[in-house]
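Data block below; observations after.
We did not get these values from a lab; they are worked out from the coordinates using the rules stated. Note that the structure is a prediction, hence the values are computed from the model and not measured. Note that each Cβ is placed from the backbone with ideal geometry, even for glycine, and that neighbours are counted across all protein chains shown.
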């Protein structure tokens, strides 16, 4: 269950309450019954390790070592017959 922080506007007490996410926020201070406001605080939830969530991009450590992905991209078709396939291309015949 999440822990929420509240601050009383009357006595300035800051306190924590465990509540379900679906529960309504508190409105009264348990000490003086004054009006409270919910505070924004740091979460204890942490993702550890590399990955897209750490910096917004996939890390190099997350790259697959599959040989198919390690090959450079094929150059654009030089013959103008891209729809015909690579059978007549000199680069395809030499394996370059």
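In table form, for the structure just shown:
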read-out: Length gained when the stretch residue 40-residue 10 is fully extended (0.36 nm per residue, less Cα-Cα span); value: 8.9 nm
read-out: Residue order, fewest to most beta carbons within 10 Å, for 47, 26; value: 47, 26
